[in-house]
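Chemist: Once you've had a glance at the structure underneath, I'll fire off some questions.
The values are calculated or read from the model by the stated rules, or taken from the named source; none is laboratory data. If you're wondering where the values come from, they're calculated on a predicted model, not measured in any experiment. Neighbour counts run over all protein chains shown; Cβ positions are idealised from the backbone, glycine included. Note: accessible area is taken over every heavy atom of the protein model, side chains too, but ligands, DNA and RNA are not part of it. Shrake-Rupley method; radii C 1.70, N 1.55, O 1.52, S 1.80 Å.
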Amino acid sequence: MDYLIKSEGAVLGFCVKKQYIDFLCKKTLYKFDKESETVIYKKEIFEKEGMARIMTADENRIYISDFCTLYVLDGNNYELIVKLKIGENLSSDICGMATDKNKVYCSVRNGSIVTVDKSSFEKKEYHLSESSMWSLKIYGNKLLCGTVDGQLLQLEREKMSIKKKLILSKQNIRCLYLSGKTLYAACQNKKLFKIDSEEFEVTGSQKIAHNKMFDCVGIYEDMLLTVSYPSGEIALWDINTLEKRKEFKTALSLNGSAYIEENKLYIASRNIYGIGIIYLNLL
């Protein structure tokens, strides 16, 4: 694995856009230009370092969670637009985030989802589960949520009410990846599921996808790519049959984030000081 970006510490999260990669390291947010392969801008966002921050973005803004607080930043100059208190304490910190055109959806540890209007920044809280939700995905007019107790919830976004439930496991559905109407789910018990989001039923599964917990990252050609940071494993699966096509080892640790762009896999992990790059067409 080569380095695309080298930094002073582990990259806590990154968002890939057409020309830039925005990434968070220690207290600072950086903007990396893919064409010149240089950092062209940076700004300190936080007073203290933290390892539990979640980062996502839309076309114009960047959203970063810091325990109970949501930071909304301008995507160009990183100016703080608003800072919102979503939870009350560490028992109601932000576990997952998703955005659509009008709202930000923040799941908090007590099983609720707090919606934030992007124009007025009005907050509304909906208690939906007795279990926390780590992964949220937008699908049409629905919100798909994986819970720590192994349920997949389908919510109507307008009413923020549960439409359907699907029990996949007794353990955390820690990661969801959506490709068209097909949803892939990674469970903490090492199971991989393929789900038809329209019919809301399981269409395929693998009992032991990795030796330890893993994430579903994205689609490369006709394969799903998964990463297990604790075991340092990257695997490619046939999107139709979920048959494993390839697997290889690399130096990763604990947790991280990854993104596929064309034939390139960008990857960050606790033991990598920067963002690594793997050329998938060379595997």
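Chemist: Testing Lys163 on (1) of a type in the set (D, E, K, R); (2) surrounded by fewer than 19 Cβ atoms within 10 Å (Cβ to Cβ); (3) in contact with a Phe, Trp or Tyr (Cβ under 8 Å, 6 or more places away or on another chain), one condition comes back false. Which one is that?
Modeler: Of (1) of a type in the set (D, E, K, R); (2) surrounded by fewer than 19 Cβ atoms within 10 Å (Cβ to Cβ); (3) in contact with a Phe, Trp or Tyr (Cβ under 8 Å, 6 or more places away or on another chain), only one is false for Lys163: (3).
Chemist: Of the conditions (1) open to solvent by less than 30 Å² (accessible area, probe 1.4 Å); (2) over 19 Å from the mean Cα position of the chain (by Cα), Glu47 satisfies every one except a single condition; which number is it?
Modeler: It is condition (1) that Glu47 fails.
Chemist: Another question, then. Looking at Glu125, Glu130, which is the one that is open to solvent by 10 Å² or more (accessible area, probe 1.4 Å), more than 28 Å from Gly180 (Cβ to Cβ) and modelled with pLDDT under 95? Let's see the steps before the verdict.
Modeler: Working: Glu125 fails: modelled with pLDDT under 95.
Exactly one residue qualifies, and that residue is Glu130.
Chemist: Pull up region 251-273, narrow it to residues that are assigned to a loop (DSSP other than H, G, I, E, B) and open to solvent by less than 30 Å² (accessible area, probe 1.4 Å), then point me to the one that is nearest to Cys25 (Cα to Cα).
Modeler: The initial filter retains those residues of region 251-273 that are assigned to a loop (DSSP other than H, G, I, E, B), namely 251-255, 262-263, 270-273.
Remaining after also requiring open to solvent by less than 30 Å² (accessible area, probe 1.4 Å): 252, 272.
Values: Leu252: 17, Ile272: 11 Å.
Top of the filtered list is Ile272.
Chemist: In addition: Scan region 106-142 for residues that are without any contact (Cβ under 8 Å) to a residue 24 or more places away in the chain, within 19 Å of Val82 (Cβ to Cβ) and assigned to a strand (DSSP E or B) and report the count.
Modeler: Adding up the residues that qualify gives 2.
Chemist: How many residues, within region 1-29, are in a strand (DSSP E or B) and under 17 Å from Gly256 (Cβ atoms)?
Modeler: Of the residues in region 1-29, the ones in a strand (DSSP E or B) are 2-6, 11-16, 20-25, 28-29.
Narrowing further to those that are under 17 Å from Gly256 (Cβ atoms): 2-6, 11-16, 21-25.
So the count comes out to 16.
Chemist: Restricting to region 203-219, give me the number of residues that are surrounded by fewer than 20 Cβ atoms within 10 Å (Cβ to Cβ) and either out of contact with any Asp or Glu (no Cβ under 8 Å at 6 or more places or on another chain) or outside any strand (DSSP E or B) (or both).
Modeler: Going through region 203-219, the residues surrounded by fewer than 20 Cβ atoms within 10 Å (Cβ to Cβ) turn out to be 203-208, 211-212, 218-219.
Among the residues that remain, those that are also either out of contact with any Asp or Glu (no Cβ under 8 Å at 6 or more places or on another chain) or outside any strand (DSSP E or B) (or both) are: 204-208, 211-212, 218-219.
The qualifying residues number 9.
Chemist: Is it the case that some residue within region 221-243 is under 25 Å from Tyr30 (Cβ atoms), open to solvent by 20 Å² or more (accessible area, probe 1.4 Å), of a type in the set (Val, Ile, Thr) and in contact (Cβ under 8 Å) with a residue 40 or more places away in the chain?
Modeler: No.
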